[in-house]
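Written below as structure tokens is the structure these notes are about.
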Amino acid sequence: MFDAEKFIVEAVEKLRQDVKGKAIIAASGGVDSTVAAVLTYKAVTDQLTSVFVDTGFMRKGEAESVKAMFDRLGVDLTVVDASEEFYTGLAGITEPEQKRSVIGERFIRVFEREAETTQAKYLIQGTIAPDWIESGGGLRDTIKSHHNVGALPDDINMTLAEPLRDLYKDEVRQVARALNIEVAEKQPFPGPGLAVRILGEANQESAELVRECCAIVEEELESAASKEEMVLPWQYFAALLSVKSVGVQGDVRAYGRTVVVRAVQSLDGMTAAYSKIPHEVLERVSVRITNSLGSRINRVVYDITNKPPGTIEWE
Ligand code: XMP
């Protein structure tokens, strides 16, 4: 039986021995990096700098809520707003893999700059067992390069410490609970963020639109689930298409963009079935999106594709 309390004592002790100077961690707000940050903070206190990079493709209120969580945990968090750099880097790029590569590369650049500023000698990572077990194989075709934004290059000039390396996800969750980190069963969110939910160029305007649409989908589905109108899907979000269509707003012709609502049931993201959401709930989503963004988005559609042949995200 895994003993979270015992693990915490041992992990903190090991970190205290291993980390002999300034350390840095890329904190995403996800459970793995948060647990790794809290354990390291317990071991070396303010030798640790936790950095949250705002890429401009975060969900609504994300930076603020991660900051508030770290505040509650008593761990200092540096929020770096690098959104302009990401928007600039992505200007004119429409090819999905190229977008991912620009985001990954920019992320590394921003993070390295922070590491240099703090003169960190140690890099803390929230790697868990499945991360390195899965990346060992070469059996699967790359459908999309699922690189974790936050994955840093091997040649980085810092000593790596991975306190969660031997743990599985449920064990990390047990440790999180023991550390008073709230582990709401959050839905997965792709490393490159909202950028993979914007088809075509991922710019600031599109990011703002899709961020608002994702927030509406989350709020309406969570509210419906809490009223037992439906079961909360495994993942649920909106994607912004680059096609425009004709609609009508007031009495005049409108020519706006299309938003896709996507919600799926899945165990691990490898396969997925689209969720049979009640039409009333979908209608509330559609009405809210077009009411609040109607001049720019005039059509909302629901994706009824399973995976395979679709993927969960649109890019
Ligand atoms: P797909 O779209 O490939 O997604 O069916 C399967 C699951 O993985 C998430 N996803 C990503 N996660 N980096 C990530 O960390 C990525 O680049 C990425 N792309 C997709 C997706 O949200 C779904 O849960």
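Could you list, in sequence order, all residues of region 264-276 that are open to solvent by less than 10 Å² (accessible area, probe 1.4 Å) and away from the ligand (no atom under 12 Å from the Cβ)?
Passing the criteria: none in range.
Please determine whether any residue of region 43-54 is open to solvent by less than 10 Å² (accessible area, probe 1.4 Å) and more than 24 Å from G193 (Cβ to Cβ). Reasoning before the result, please.
Residues of region 43-54 that are open to solvent by less than 10 Å² (accessible area, probe 1.4 Å), as a first pass: 50-53.
After this cut, where a residue has to be more than 24 Å from G193 (Cβ to Cβ) as well, the list is none.
The answer is no; no qualifying residue exists.
Are any residues in region 199-235 within 16 Å of the ligand (Cβ to nearest atom), open to solvent by less than 30 Å² (accessible area, probe 1.4 Å) and touching a Lys or Arg at 6+ places or on another chain (Cβ under 7 Å), and if so, which ones?
A202, V210, C214
Do the conditions hold for S295, that is, is it of a type in the set (S, T, Y), more than 16 Å from the ligand (Cβ to nearest atom) and surrounded by fewer than 16 Cβ atoms within 10 Å (Cβ to Cβ)? Lay out the reasoning, then the answer.
Numbers: of a type in the set (S, T, Y): yes; more than 16 Å from the ligand (Cβ to nearest atom): yes; surrounded by fewer than 16 Cβ atoms within 10 Å (Cβ to Cβ): yes.
Taking the combined requirement at face value, the residue satisfies it.
Open to solvent by 20 Å² or more (accessible area, probe 1.4 Å) and within 16 Å of the ligand (Cβ to nearest atom): is that true of Y302 in this structure?
Answer is no for this residue.
Out of the helices (runs of 4 or more DSSP H) lying entirely within region 96-194, which hold 1 or more residues that are at pLDDT 75 or above, away from the ligand (no atom under 16 Å from the Cβ) and under 24 Å from P233 (Cβ atoms)?
Output list reads 169-178.
Could you say which residue among V285, V281 is away from the ligand (no atom under 16 Å from the Cβ), under 15 Å from E212 (Cα atoms) and open to solvent by less than 10 Å² (accessible area, probe 1.4 Å)?
Answer to the selection: V285.
Here is a check on your reading of the model: is E222 within 20 Å of L194 (Cα to Cα) and touching a residue at least 60 places away in the same chain (Cβ under 8 Å)?
no
Looking only at region 79-87, decide whether some residue is more than 23 Å from W314 (Cα to Cα), more than 16 Å from the ligand (Cβ to nearest atom), in a strand (DSSP E or B) and open to solvent by 50 Å² or more (accessible area, probe 1.4 Å).
Yes; the residues of region 79-87 include at least one that is more than 23 Å from W314 (Cα to Cα), more than 16 Å from the ligand (Cβ to nearest atom), in a strand (DSSP E or B) and open to solvent by 50 Å² or more (accessible area, probe 1.4 Å).
Whether any residue in region 251-260 is within 16 Å of the ligand (Cβ to nearest atom) and open to solvent by 50 Å² or more (accessible area, probe 1.4 Å) is what I want to check.
No.
The values are calculated or read from the model by the stated rules, or taken from the named source; none is laboratory data. Bear in mind that the values here come from a model prediction, so they are computed numbers and not experimental data. Quick reminder, even Gly has a Cβ in these numbers, built from the backbone with ideal geometry, and neighbours come from all protein chains shown. Just so you know, the surface numbers come from the protein's heavy atoms only, side chains and all, with ligands and any DNA or RNA stripped out. Shrake-Rupley method; radii C 1.70, N 1.55, O 1.52, S 1.80 Å.
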